[in-house]
Structure formats: C-alpha cells, structure tokens
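Values in this text are rule-based calculations from the coordinates and carry no lab data. Predicted model, so just to flag it, every value in this text is computed and none were measured. Virtual Cβ from ideal backbone geometry, glycine too; neighbours counted across all protein chains shown.
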Amino acid sequence: MIEFQTATVSFSSESDSLQKFSTPRNREETTVPTPIFIFSLPRSGSTLLQRVFVSSEIASSFGEPHLLLRLLTRAGDPACESRTSWWSFLLDAAESDMRESFPDYDSHWRSGARKMMDHVYGGLAGEKAYFVDKTPRYSLIAKEIVETFPEAKFVLLWRNPFAIVRSIHETWEGGRWNTRRWEVDLDHGYQRLFELMALYPDKIHVVHYEELARKPSQVIQKMWNALGLPGEAPDESCLKNASIAGSLGDPSKNRTSSKFLDKTECLDHFYKNWYRQRWAKKFLKRNKNQCDELGHQLPNFKQTWSARSAISGTRDFIRDLAWDWRKRNKIKKKSTLQLR
C-alpha cells in the first residue's frame, strides 16, 4: 500500500501568503492535492499524457478545466482579449487603478486564486494525492501558473507544430484549412511555452510526443522519476485503465484502444498545395530559433509548381474560405441568439 502525504488548508477570510496554504487552521479543513500541470499546444498528445497519470492510483483529472484563464489572464493581453466576451480595455483600466491605490494587488489576487483552485482541485480529486490540470490554452498563462503554484509539478509536452496543424484540421475543422482560428495557439502559445522552458529549466520536465509514442515505458519512467512521484510508473498497458470525465478535450479521450500509436508523421499530402506550404514556410521563418532547438522540421514539400497544381490549389483555397465563412456565420448567428 502506498502512503501519500497531503496538505490541508482552511478557507478563512484572512489574507495569507502562498507559503501558508499547507498550514492547518482552526476552520474546516479540506484535503488539497498537489496539482500536476501539463502545458502544451492543442493536439500535442496532452490527453494521452493525462490518461497516463489517471491510470495510476495517485492522480485524478477532469477534461480541461480552463478556470485559470479567467483568474490569471492579465487584462490587456493581446493574445487573450480577443477571446473574451467583455471589454478587456475596461478591465485593464480598472486593474491599473487598483494597483495604483493598492500596491500588493497582484499578490493578493493570486493568493485568492490559489486558494479557490486548491478548493476546486480538492473536490475534483477526491482522495487522490494529485490532480492533473490539462488545458492546452494554458500556454498563454503558463508563466503566471508556475508563479502562482510554486509547489506544483509541471510537464511541458512538445509536438512538431506542422503535425499539430494537420491534427487540428482533421479533428476540429473537417479537413478544411483554417489556421486563423488557431493562430493564438500557434503563434503566442508556441513562443510563450518556449520562453517558459528557458525560464524554468530545473522546474519543468520536457516530454516530446514523438518520443512518447515511440518508447512510452522509458519516457513515462523518466517523467515519473523527474517529478518525484511515488509508487511505480505505469507501463505501456496503462491506457486501458484510464477514464476521464468532462465534455472538453480530445473526443477520443475515453477510447477503448490501449496502445500507444507509433506512426510516422507523413505530412506531404496535407501540405499539398501552395497556400498551405506558404503558411508553413512563414511559420518556420517566424519561429526559426525555436524550431531549430526543438528539432521541429518543415515537411518535405513536393514541388509541383505547374499550371495544373496552381489551379487545383486555388480551387481548394476558395473551398476552404467558403467553408470557413459559413462556419463563422453560423457561430455569429448562434452568439446573437444567445445575447437576445
């Protein structure tokens, strides 16, 4: 039998520092699990890694919580403000006013956010010693999360961004091209995760999806040791014992397959026409240093610059634009009806 050491915390009206969260109080006490955060871009294999943790007897998880995006997003952040339904510039002005009148505003806000999430994680984890929060868009606030939860465990999961784009379009976009919808992840998220890796090299354990799929047992064991987790690391058969609640996340998160799929990322067909190849080249140019260090390589394009290929690519481009327009119009109508 494995014994776990868990912290306890009470939720009083006092203003406490983050360091005192594990101190017993005279109020009602709640068991607080240690959070394990998985930072990644969408379609990087984070659900696969989440299932690995859940398969063990020490950790629990729940879809994609997303809650910290509301609590730790800094007002005025251009990567986040376009995704909110309120006027971000008003919140930015209000926070500036409060900081001017209350110099410790940020530390108290994060202290309160930490207290609330300890309570939420504790409720979701039940008797488990660890709770895994896997929300891909946390890439935008990963630095804030590390600063707010200094005692947590952190895993940074990388995958070739050109393979991510293909997986996004096959899973969420019906195979149609629509990078505009995901540019906040592919640009801001990719760069911020790279900066985070440089800021906290000793605090964050890095995993590469391709290596995880190729030799899962070795990668999982190495991760278990690096994070200092108790008990034995799960083996390759762990996925059959993992079930995750919640509606958000990979639609196949509870699939019956119990194998890690080690398949070659063949991207040539997906980047078959001129405008998809143009996007890939521009992405590589913007992120050359990051791609070089992480080993993320451009697909081997088939150079077919004939009149026929140009016409075919343009036809696909028009079809993708029309599909994207219909989808945006449908979302806009739905949002308008909800506001009435």
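From the square roots a ≥ b ≥ c of the eigenvalues of the alpha-carbon gyration tensor of segment 130-248, which class results: rounded (a/c under 1.5), prolate (a/b over b/c), or oblate? Oblate shape, in that a/c is at least 1.5 and b/c is the bigger or equal ratio.
In sequence order, segment 216-223 has phi-based couplings of x, 4, 5, 5, 5, 4, 4, 5 Hz under the Karplus curve 6.51 cos²θ - 1.76 cosθ + 1.60, θ = phi - 60°, and Gly or Pro positions carry x.
How much FRET efficiency would the formula 1/(1 + (r/R0)^6) give for L298 and E195, where r is the Cβ-Cβ distance and R0 is 30 Å, rounded to 0.05? Calculated value: 0.85.
The Cα center of segment 266-285 and the Cα center of segment 174-188 differ in position by 13 Å.
Here the calculated FRET efficiency for A310 and H269, from their Cβ-Cβ distance with R0 = 22 Å, stands at 0.80, rounded to the nearest 0.05.
The modelled label-to-label distance between E127 and R176, using points 7 Å beyond Cα along the C-beta direction, is 5.0 nm. With a ≥ b ≥ c taken as the square roots of the eigenvalues of the C-alpha gyration tensor of segment 99-161, please select rounded if a/c is under 1.5 and otherwise prolate if a/b is larger than b/c or oblate if it is not? Because a/c hits 1.5 or more and a/b fails to exceed b/c, segment 99-161 counts as oblate.
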